[in-house]
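Student: Below is a structure I'd like to ask you about.
The values are calculated or read from the model by the stated rules, or taken from the named source; none is laboratory data. Only a predicted model underlies this, so the values are computations on that prediction, with no experimental measurement involved. Note: ideal-geometry Cβ built from the backbone for every residue, glycine included; neighbour counts use all protein chains shown. Remember, those area values only see protein heavy atoms, side chains included, never the ligands or the DNA or RNA. Shrake-Rupley method; radii C 1.70, N 1.55, O 1.52, S 1.80 Å.
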Amino acid sequence: MNTKRIETVIAHEGRPAEGPVNRPVNRGSTVAFRSLDAFEAEATNADLRVASRYGRVGNPNSQDFEHVMAELEGGYGTVTACSGLAIIACALNAFAAPGAHILMVDTVYGPVRRFCEKRLRPLGVDIEYYDPMVGSGIEKLLRSGTRLVYLESPGSKTFEVQDVPEIAKAVKNKGIVTLLDNTWATPVFFQPLSHGIDISLHAITKYIGGHSDLFLGAAVCATKEHYYALRNCAIESGQCAGPDDLYMAMRGLRTLEVRLRRHEENARKLIDWLKTRSEVKHILYPSLPDCPGHEFWKRDFTGASGLFSMILKTKSKEDLRIFVDRLAYFPLGYSWGGYESLIVPLHLDGERSATKFAEEGQGLRLHVGLENPDDLIADLAAGFDRMKS
Ligand SMILES: *Cc1c(COP(=O)(O)O)cnc(C)c1O
């Protein structure tokens, strides 16, 4: 088994053993063979982690990247797809059959909720949303037809941390697959498989890519059985990732650990300052003691990344507009996990149904980038000053 520490896996794995250090971008659909024996041997290669019969089924760039991700989280194998949402949709398709009951965390990433409602429910999948703080209470929600339990920890936008080991334990040995979206923490700060989860999902687009210049999704599977279920679903539905994006993702991954530590440090500086500001009512971030599930974060995670939300005291949209419109270092934009800071208004309309997030005041989600934190603080301070005058 893997005894290398995470920084070593990040720097060392997924590279050619000798010659140029980095695997070049391997563009290609067709893989050519010169003998019938070789062609047929590859066509029936049973190990899909290394099969290279056709570019869509796997190429050197996807195989290297999938290998490193599996090593990082201690999985049997990884499946990649062209975006985070694509791999999540593929995983749900692989395990949620018509008539099946699936338990979906109420704080799930919005587009995944929409996929469930618009694509799975019409096919007869029974989707039930549950409170992220359910813990071992998940057991009471299980039915004979339950096939899948989906977690996202911390939750999208509101950052509730789930009791992952308790949920995994309650669900174990019942023929139910557990999936967890680990995009916020990355393998550096949280290891889902070693906390009992079957499949760990990643929008590589965010921190692992790290430069806001690619789309990629990955699912790390603990067992061979789940790996093949998901890999075959990906092959049958034509899911694959482009070699350029895979190359860029690998390049981003090499510096993941150092970037994340700085994102954490910068976020902490901003949060400590924001807590002193009278304009700020509440900050939602797993390492703050008042965050729901903070004790689970402390127990299970080794750090907190640079994404958090805050609720302002003001209820005025106009105040919000004045605050964000002239910020120098926080453009409005979706996504996060790049080297740069971002801000986005917090909209939860239609995104909670089993629980309520009813805090009054204008909400914002901030991604703290790698700029100097004092410059970021000065920028936000100027925004608050404009809001007051
Ligand atoms: C962005 C994101 C996704 C989707 O990833 P894309 O690559 O944008 O499709 C999934 N889950 C979470 C938590 C995300 O933030």
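Student: First check a/c for segment 257-389, with a ≥ b ≥ c the square roots of the eigenvalues of its C-alpha gyration tensor; if it is under 1.5, answer rounded, and if not, answer prolate when a/b is larger than b/c or oblate otherwise.
Tutor: oblate
Student: Another question, then. For the chain, what % of the accessible area comes from carbon and sulfur atoms, probe 1.4 Å?
Tutor: About 52 percent, which is the carbon plus sulfur part of the accessible surface.
Student: Send over a whole-number figure in Å² for the accessible area per residue of segment 280-389, probe 1.4 Å.
Tutor: Values: 5200 Å² over 110 residues.
Computed with neighbouring chains in place, this is 47 Å² per residue.
Student: Let me ask something else about it. Run the helix sum for the chain: -39,500 (n - 2.57) per DSSP H stretch of 4+ residues, divided by residue count, reported at 222 nm to the nearest 500 deg cm²/dmol. All intermediate terms of the calculation are to be shown ahead of the outcome.
Tutor: On the way: 13 runs with 134 residues, N = 389.
Taken over the chain, the calculation gives -10000 deg cm²/dmol.
Student: Right, here's the next one. Report, in listed order, any pair from K317/K356; K118/K172; K315/K388; K298/K356; K206/K281; K157/K281 with a Cα-Cα distance greater than 18 Å.
Tutor: K317/K356; K118/K172; K298/K356; K206/K281
Student: Okay, next question. Only four residue types carry charge here, +1 at the Cβ of Lys and Arg and -1 at the Cβ of Asp and Glu. Report the dipole size of the chain about the Cα centre in Debye, rounded to the nearest 20.
Tutor: Dipole about the Cα centre, nearest 20: 340 debye.
Student: R15 to D213: extension gain in nm, 0.36 nm per residue of separation minus the Cα-Cα distance?
Tutor: Going from the current span to full extension adds 69.1 nm.
Student: Per residue, how many Å² of accessible area does segment 186-267 show with a 1.4 Å probe?
Tutor: That works out to 34 Å² for each residue.
Student: Relative contact order, percent, of the chain when contacts are C-alpha pairs under 8 Å separated by at least 6 residues? The partial results should precede the final answer.
Tutor: Details: 752 pairs, mean separation 67.2, N = 389.
Rounded, it is 17 percent for the chain.
Student: Tell me, how many Å apart are the Cα centres for segment 143-177 and for segment 236-260?
Tutor: After rounding, the separation between the Cα centres reads 26 Å.
Student: Follow-up. Quick one: how many Å² of W297 are accessible to a 1.4 Å probe, rounded to 10?
Tutor: We get 40 Å² for W297.
Student: When ranked by the protection proxy of mean other Cβ atoms within 10 Å per residue, highest first, what sequence do the peptides 70-81, 347-358 form?
Tutor: In descending order of packing, they fall as 70-81, 347-358.
Student: Please turn the phi angles of segment 158-163 into ³J(HN,Hα) values with the Karplus equation 6.51 cos²θ - 1.76 cosθ + 1.60 (θ = phi - 60°), one per residue in order, whole Hz, x for glycine and proline.
Tutor: Whole-Hz 3J(HN,Hα) from phi for segment 158-163: 10, 6, 5, 9, 8, 7.
Student: Keeping all protein chains in place and using 1.4 angstrom, which order do H195, H67, H367 fall into by accessible surface area, from largest down?
Tutor: H67, H195, H367
Student: If you don't mind, there's one more thing I want to ask. What does the charge count around T44 come to, taking other residues whose C-beta lies under 14 Å from its C-beta (Lys +1, Arg +1, Asp -1, Glu -1)? Walk me through the numbers on the way to the answer.
Tutor: On the way: positive: R53; negative: D37, E40, E42, D47.
Taking every other residue near T44 into account, the sum is -3.
Student: Tell me, what is the per residue accessible area of segment 40-100 in Å², probe radius 1.4 Å?
Tutor: Result: 34 Å² of accessible area for each residue.
Student: Next up: Share of antiparallel DSSP beta bridges in the chain, in percent to the nearest 5?
Tutor: Counting only bridges with both partners in the chain, antiparallel ones make up about 55 percent.
Student: Just the accessible area for K313, please: 1.4 Å probe, Å², rounded to the nearest 10?
Tutor: About 110 Å², ignoring ligands and nucleic acids.
Student: Report the FRET efficiency, 1/(1 + (r/R0)^6), for L332 and F39, where r is their Cβ-Cβ distance and R0 is 41 Å, rounded to 0.05.
Tutor: Computed FRET efficiency for L332 and F39 comes out at 0.20.
Student: Another question, if that's okay. Which far-off residues, 5 or more places away or on another chain, put their amide H under 5 Å from the one on Y129, with H placed in the peptide plane?
Tutor: M104
Student: Is the shape of segment 67-185 rounded, prolate or oblate, going by the alpha carbon gyration tensor and its root eigenvalues a ≥ b ≥ c, with a/c under 1.5 for rounded and a/b larger than b/c for prolate? List each step's numbers first, then the result.
Tutor: Details: a/c = 1.29, a/b = 1.11, b/c = 1.16.
Here segment 67-185 falls in the rounded category.
Student: Ok, one more. Using r as the Cβ-Cβ distance of E7 and S52, and R0 as 30 Å, what FRET efficiency do you calculate, to the nearest 0.05?
Tutor: 0.50
Student: What ranking, highest mean first, results for peptides 127-135, 379-387 when packing means the other Cβ atoms within 10 Å averaged over each residue?
Tutor: Working: 127-135: 19.4, 379-387: 16.3.
By packing density, highest mean first, the sequence is 127-135, 379-387.
Student: Using heavy-atom solvent-accessible surface (probe 1.4 Å) with all chains present, what is the largest-first order of R147, R119, R34, R277?
Tutor: Values: R147 95, R119 150, R34 240, R277 45 Å².
Largest accessible area first, the list is R34, R119, R147, R277.
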